[in-house]
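The structure appears right after this line, and notes come after that.
The values are calculated or read from the model by the stated rules, or taken from the named source; none is laboratory data. Model, not experiment: these values are computed from the prediction. Here the Cβ positions follow ideal geometry from the backbone for every residue, glycine too, while neighbour counts run over all protein chains shown. When the accessible area is computed, the model is the full protein with side chains, heavy atoms only, and any ligands, DNA or RNA have been set aside. Shrake-Rupley method; radii C 1.70, N 1.55, O 1.52, S 1.80 Å.
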Amino acid sequence: MNDGRDIARTASVGVDLGGTNIRAAVFDDGMKILGRSEIPTEAQEGADGVIRRIAACVREALDRSSIAAEEVAGVGVGAAGLTDWRTGVVVLASNLGWRNVPLKERLQQELDGLRVEVDKDTNVAALAEARLGAGREFRHFLYVTAGTGIGGGLILDGTLYRGATGGAGDIGHVVVDPDGPRCGCGDQGCVEVFSSGAGMVDRAREMLARGKEAASSAMKVEGLTTETIFKAAGEGDAVAARVVETAGRALGLALADYVNINNPEAIILGGGVVRAGRAYMEPVERELSQRALPALGEIVKLVPPELGDDVGVTGAGLLLGESEKDGGRA
Ligand SMILES: [Zn+2]
């Protein structure tokens, strides 16, 4: 079988496919970055155009690392949206406008047969934190990122747990108010409609439209952002403070439910709205400690992520090794 011409395929490529940018990084076998590339996604060009741009981004990162495609074990992709890791199909990605796009198969064609593995972006982020970041010391944790939306990934017993079709860890759609506002998923009162950046803006607009008086002149229906809300809340604006408090409470409630179901050691909680400050985190912590069963809640550590902007490419780069550990995937 071995003709003596085997080249050690020790490098890997990780791709972070977002609605705005495609980022690729080439890693050596110690997960050190050898080279990288970043280009705009241009989602309006359609799936085929985006997939060609991913391939171009991968080639550019390889060029910059002076690594040949033959030296690469494969390409891992973390895609923003619901992704079936077994088939490599992106089932639904609203920020890309994709529905049932066979990303793995199409990218493999574009890259002349190079191995490709695909997973949900929050799953690869959880994996990266587990192997190289804040999750290294934990065998059981939930990774949550709260930014424009809310997503998550589960590490159970040291392994990335994806569920039956890849959707495990989507904590953003845990319902915290059955009669609450309509969510993009079609349901009502999901944690995302209260606790995400986009949700907070919507809730604030709703309160203002109903005639709630905001003290801050920046709190207007038009042009409202999460930054405005956090700033106004800090200055004592009652509407803004209410929105931030509700956001933190809703997320804390969902996290407490998760703790009661899965008894994790830690929750790694990051993302733009979490970084915005204590006003958001205080109600999260309060609700978590009040609602989780004491014996389970007391041991949970709430910690920030460690990997920063490279979390996506790093987790994607780790995907290849991970699927080998699974003994080859379905
Ligand atoms: Zn929802």
(request) Report those strands (runs of 3 or more DSSP E) wholly inside the range 41-108 carrying at least 3 residues which are within 24 Å of Ala128 (Cα to Cα). (result) 72-79, 82-84, 89-93
(request) Could you please find all residues in the range 140-164 being surrounded by fewer than 17 Cβ atoms within 10 Å (Cβ to Cβ), assigned to a strand (DSSP E or B) and hydrophobic (A, V, I, L, M, F, W, C)? (result) Leu156
(request) Sort through Glu213, Glu192 and tell me the only one that's surrounded by fewer than 19 Cβ atoms within 10 Å (Cβ to Cβ) and either more than 15 Å from the ligand (Cβ to nearest atom) or of a type outside the set (S, T, N, Q) (or both). (result) Glu213
(message) Given (1) within 16 Å of the ligand (Cβ to nearest atom); (2) at pLDDT 95 or above; (3) surrounded by fewer than 23 Cβ atoms within 10 Å (Cβ to Cβ), identify the lone condition not met by Ala250.
(response) (3)
(message) For the list (1) more than 16 Å from the ligand (Cβ to nearest atom); (2) open to solvent by 40 Å² or more (accessible area, probe 1.4 Å); (3) closer than 18 Å to Ala146 by Cα, I need the number of the one condition that Thr228 fails.
(response) (2)
(request) Scan Thr122, Thr87, Thr83, Thr145 and give me the residue that is among the hydroxyl-bearing types (Ser, Thr, Tyr), over 26 Å from Val274 (Cα atoms) and touching a strand residue (DSSP E or B) at 6+ places or on another chain (Cβ under 9 Å). (result) Thr87
(request) Tell me, yes or no, whether the range 106-125 has at least one residue that is touching a Pro at 6+ places or on another chain (Cβ under 9 Å) and either among the hydrophobic types (A, V, I, L, M, F, W, C) or away from the ligand (no atom under 16 Å from the Cβ) (or both). (result) yes
(request) Please state which of the following conditions Ile267 fails to meet, knowing it meets all the rest: (1) open to solvent by less than 40 Å² (accessible area, probe 1.4 Å); (2) out of contact with any Phe, Trp or Tyr (no Cβ under 7 Å at 6 or more places or on another chain). (result) (2)
(request) Output the qualifying pairs, or none if there are none: Cβ atoms under 8 angstrom, residues six or more apart or on different chains, first residue in the range 171-186 and free of Cβ contacts under 8 Å to residues at least 12 places away in the same chain and of a type in the set (Lys, Arg), second residue more than 10 Å from the ligand (Cβ to nearest atom) and open to solvent by 30 Å² or more (accessible area, probe 1.4 Å). (result) none
